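What follows is one structure encoded as structure tokens, with my remarks underneath.
The values are calculated or read from the model by the stated rules, or taken from the named source; none is laboratory data. From a predicted model like this one, the values you see are computed outputs, not experimental measurements. Reconstructed Cβ throughout: ideal geometry from the backbone, glycine too, with neighbour counts over all protein chains shown.
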Amino acid sequence: MSAIAGLLREDLRGFAGYRSARSEQVDVMQVDGPQADSTIWLNANESPWANAIDGDGSLRRYPEPQPGQLRSALADMYGCSPQQLLIGRGSDEAIDLLVRAFCAPARDAVLVTPPVFGMYAVCARLQGARLLEVPLLDDGRDFEVDFDAVTNVASEQGAKLVFLCSPGNPAGAALPVAAVLALARSLAGRAMVVVDEAYIEFADTPSLVQCIGRQPNLAVLRTLSKAHALAAARVGCVIADAEVIAALRRCQAPYPVPVPCLQQALRALTAEVRERTENGVRTVRSERERLRAALVSVPAVRRVYPSQANFLLVRFDDAGAAFQGLLAYGIMVRDMRALPGLGDALRISIGSIEQNRLVLAALQDTAVAA
């Protein structure tokens, strides 16, 4: 048994998962023989007629479980092989699949580093996995991961999955590659280290995808929701050792990528559109630094955290007043006050130049009124 197989839930090591009619159809089309050229498919209980709204009739057919063209395009963009990549409904689905595949309810644990993206804890709770927390360090260190503590807690309390976020959400700090790899090495054979890179396009640090080949207990989450502006299409992926991907695919529902979403994603990954996306990322990075510098001078602002993402975490003298002041201008930001240690904080996404100008105007007016 491989080290990766040994990390999977025992009851899923021989699990075949659901095999859809579309999966069998793909296999048949890949072999020689007269059936490979058949155009009459009566194996999936699909309608023989197109819906009146469906111009080319393609929507009456179930989509590919893992569309080959999109899988190849994403693998090429991220620098991995298609066998190392599983497409899902945003990266949220990948988080859920990882927890279900690796964590036995009431026994195995998921480790998170709050304050951090809440879906890791939500998926752990839904699976009945134990939740371990190692808070980020904020004593003048801008919410850094305590890697020594993560290693110790994961080792001593039986974590099967360690979720890290780089750049972090909501703090925005990117993780040092060397430290993440050292953590993965120390937990080899005992836990998977999962790095959520939803915001990596906005960061100066490189992706960890290139490290997966030499560290098979490392997995990376990527998404088209942020830099590629396709949040409504719900296209994300997990990149990991091919054995991990095969196991996750057995746990996945049959048709995760609707055809309209597939078509939009493929259009977004053409060279011309990707160039425009990269220009947009550069603008966001520039605006992020301009907005941060301006926020520091707002009287009501206590602290603005440095960010490698497309948002800023800001502490206020009165975060409630700042939130209401922004609402009065028709601006909605993310209220972080319910999270431990963030009772005075708001998270502000980087908008357009005009939107950022309005944010500053609203906060200045609120400060003057106070």
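Before moving on, here are some points about what is shown:
- Checking the stretch 311-320 against the condition returns no match, with no residue being farther than 29 Å from Arg222 by Cβ, touching a helix residue (DSSP H, G or I) at 6+ places or on another chain (Cβ under 9 Å) and basic (Lys, Arg).
- Inclusion of Leu339 among residues that are assigned to a loop (DSSP other than H, G, I, E, B) and either modelled with pLDDT under 95 or under 24 Å from Lys226 (Cβ atoms) (or both) is warranted.
- The stretch 266-285 - residue that is part of a helix (DSSP H, G or I) and of a type in the set (Ser, Thr, Tyr) and, of those, farthest from Ala233 (Cα to Cα): Thr283
A quick yes/no check of all residues on (1) free of Cβ contacts under 8 Å to residues at least 40 places away in the same chain; (2) aliphatic (A, V, I, L, M); (3) surrounded by fewer than 23 Cβ atoms within 10 Å (Cβ to Cβ):
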position: Glu197; (1), (2), (3): yes, no, no
position: Ile200; (1), (2), (3): yes, yes, no
position: Gln215; (1), (2), (3): yes, no, yes
position: Leu221; (1), (2), (3): no, yes, no
position: Leu230; (1), (2), (3): yes, yes, yes
position: Val235; (1), (2), (3): no, yes, no
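- Among the candidates Ala293, Ala328, residue that is farther than 19 Å from Pro170 by Cβ and out of contact with any strand residue (DSSP E or B) (no Cβ under 9 Å at 6 or more places or on another chain): Ala328
- If you go through the stretch 102-118 and pick out every residue that is buried (at least 19 other Cβ atoms within 10 Å of the Cβ) and farther than 20 Å from Gln157 by Cβ, you end up with 2.
- A Cβ distance below 6 Å, combined with a sequence gap of six or more or placement on separate chains, defines the contacts here; from the stretch 261-284, residues that are within 21 Å of Gly90 (Cβ to Cβ) reach residues that are β-branched (Val, Ile, Thr) and modelled with pLDDT of 95 or more in the pairs Cys261/Val235; Ala265/Val235; Val284/Ile350.
- Taking the numbered list (1) of a type in the set (Gly, Ala, Ser); (2) surrounded by 10 or more Cβ atoms within 10 Å (Cβ to Cβ); (3) over 23 Å from Leu218 (Cα atoms); (4) at pLDDT 90 or above in turn, Ala36 passes all entries but (4).
- Residues of the stretch 234-260 satisfying the condition of being closer than 12 Å to Ala16 by Cα and either under 16 Å from the mean Cα position of the chain (by Cα) or not aliphatic (A, V, I, L, M) (or both): Leu248, Arg249, Arg250, Cys251, Gln252
- Subset of the stretch 324-335 [surrounded by fewer than 19 Cβ atoms within 10 Å (Cβ to Cβ) and in a helix (DSSP H, G or I)]: Gln324, Leu327, Ala328
- Number of positions in the stretch 286-322 that are part of a loop (DSSP other than H, G, I, E, B), of a type in the set (S, T, N, Q) and either in the same structural domain as Pro115 (by TED's automatic domain parsing) or out of contact with any Lys or Arg (no Cβ under 8 Å at 6 or more places or on another chain) (or both): 2
- Within the stretch 92-123, tally of residues that are under 19 Å from Ile212 (Cα atoms) and either touching a Phe, Trp or Tyr at 6+ places or on another chain (Cβ under 7 Å) or at pLDDT below 95 (or both): 1
- Subset of the stretch 246-258 [part of a helix (DSSP H, G or I) and out of contact with any helix residue (DSSP H, G or I) (no Cβ under 6 Å at 6 or more places or on another chain)]: Ala246, Arg249, Arg250
- Some residue of the stretch 354-367 being assigned to a loop (DSSP other than H, G, I, E, B) and touching a residue at least 40 places away in the same chain (Cβ under 8 Å): no
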